[in-house]
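The values are calculated or read from the model by the stated rules, or taken from the named source; none is laboratory data. In this text, all values refer to a predicted model and were calculated from it rather than measured experimentally. Note: ideal-geometry Cβ built from the backbone for every residue, glycine included; neighbour counts use all protein chains shown.
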Amino acid sequence: MKKYFLCLLFSVMFFPFQSDAQENYPFVAETDPQALKSLDQWSDWKFGLLMHWGAYSVWGIVESWSLCPEDVGWTTRRNGNFENYYEYKKEYENLPMKFNPVKFNPERWAKAARAAGMKYMVFTTKHHDGFCMFDTKQTDYKITNPKYPFAGNPKADVTKSIFNAFRAEGLGVGAYFSKPDWHTEYYWWPYFPPKARSVNYEIAKYPERWQKYKDFTFNQIQELTQNYGKVDILWLDGGWVRPDSTIDEKVEWERGLPPGQDVDMGRIAKMARQNQPGIIVVDRWVPGPYENYHTPEQTIPEKPLPYPWESCMTLGDSWSYVPRDNFKPAEKILHNLVDIVSRGGNYLLNVAPGPDGEWDEGAYQKLKEIGAWMQINGNAIYNTRPLSPYVETQNLRFTQSKDGTSTYCFVMDNVTQIRIAAVGTKKVKQLSALGYNKKLGFKKEGRDLVVNLPSDWKSTIRVIRME
């Protein structure tokens, strides 16, 4: 049962969109010059942090989804009065009364992220359950509500505290925001029971109510882009809220979506860029001009894609906090990073704070191990672009510096000799090992470069620079 539960947790947050990114995905390239400049900078960052945190952490459960009245594994209720939906919903929505993260220390998180080599962060300002981790004026269902225990803390507006802490460490800042909101009456109208994850009333019959929801969404995003300093990324989730024209009936999860769930992304994006010139807008999995980069999750594309992309993946088995989560080894995280970067993507790694406001100490340790490797080999990761053939049969990966002056070869296995065909037609003037001071022996054999790797060169992944 424990293994089954963890498998469910592994796939919950973005479950409807868990398909591999495709070359023929109908991606629409950005045209705004300032946004293009931001995207170029973002593509240099390579490695970022995603954090899921909310009142659901009190129960240590999957974020939001247990409120969804769909009979599927990832919505299973495991706490409170789970036999009665309405009683359960009442208990769930009362969790903020128990949410008092007195150990909240975003400065420690930011320092750990920077030391791990991360360059940006995306934080869940609001998930599908509608509980706001920022001081919105649109609802009282927020962490700063005076009736909730953490409201009196100087850092009660946790979004502001997190953004400030990460900016102070030189990291870019992203705001995760859920387009669907299962708490507000403008999305799930209490007159009707919720039927699924989508809006629970017919929008064509009640257009005034939907307009109020559009304004509600607009106003909250306006608050985030006006009142919280520089925001680099607006990361929107809940892709079932989308214009009818983008619904693809060939995609299983899109079939049967109720019509009319258009929140007017044109209006939102225009406002966001007036407040934050050049902000990257990521309307996840909704093809069009407001999906500045694509976001496959829990998966890595097999080869480079013809558009910007970012794999978002968990450190453990869950997006949100669960006790005793099963963290991946640092070596696995680094292998993922190299695979992603060598194929032209960014890696957004999720770490979930607990109900007390702290990370598990094991998460800090993993990031420390990752940082030790990044400190030596970061030049082969940052400001690089993919280089054909990306992957070689000897388990090699390649990147090249943005200016094209250096080529990097990642040796993923513990071997003593490699044959590099990727640079066979280039004249290699200089070859060096990152983090290893002795010279490497190499020779040309036809169009190949044969490199001997000394047995005393120890590293999780060894990196060779060719110039």
Out of all the residues in region 331-341, is one or more of a type in the set (Lys, Arg) and touching a Phe, Trp or Tyr at 6+ places or on another chain (Cβ under 9 Å)?
no
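Residue-wise test of (1) surrounded by fewer than 24 Cβ atoms within 10 Å (Cβ to Cβ); (2) under 22 Å from Gln276 (Cβ atoms).
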{"position": "Thr159", "(1), (2)": "no, yes"}
{"position": "Ile162", "(1), (2)": "no, yes"}
{"position": "Gly172", "(1), (2)": "yes, yes"}
{"position": "Lys195", "(1), (2)": "yes, no"}
Would you point out which residue out of Phe131, Phe82 is surrounded by 15 or more Cβ atoms within 10 Å (Cβ to Cβ) and of a type in the set (A, V, I, L, M, F, W, C)?
Phe131
Per the list (1) surrounded by fewer than 21 Cβ atoms within 10 Å (Cβ to Cβ); (2) part of a loop (DSSP other than H, G, I, E, B); (3) under 19 Å from the mean Cα position of the chain (by Cα), residue check on Pro26 breaks on (3)
I'd like the residue in region 351-377 that is among the β-branched types (Val, Ile, Thr) and either under 17 Å from Ala110 (Cβ atoms) or touching a Phe, Trp or Tyr at 6+ places or on another chain (Cβ under 7 Å) (or both) and, out of all such residues, is surrounded by the most Cβ atoms within 10 Å (Cβ to Cβ).
Val351
Among the candidates Asp237, Asp244, single out the residue that is within 22 Å of Tyr25 (Cα to Cα) and surrounded by fewer than 18 Cβ atoms within 10 Å (Cβ to Cβ).
Asp244
Going by what's in this entry, would Pro323 be described as farther than 28 Å from Pro207 by Cβ, surrounded by fewer than 21 Cβ atoms within 10 Å (Cβ to Cβ) and touching a Gly at 6+ places or on another chain (Cβ under 6 Å)?
yes
Take Thr425 and decide whether it is over 35 Å from the mean Cα position of the chain (by Cα), at pLDDT below 90 and polar (S, T, N, Q).
yes
Selection count where residues are part of a helix (DSSP H, G or I), under 28 Å from Val158 (Cα atoms) and of a type in the set (Ser, Thr, Tyr), scope region 325-376:
1
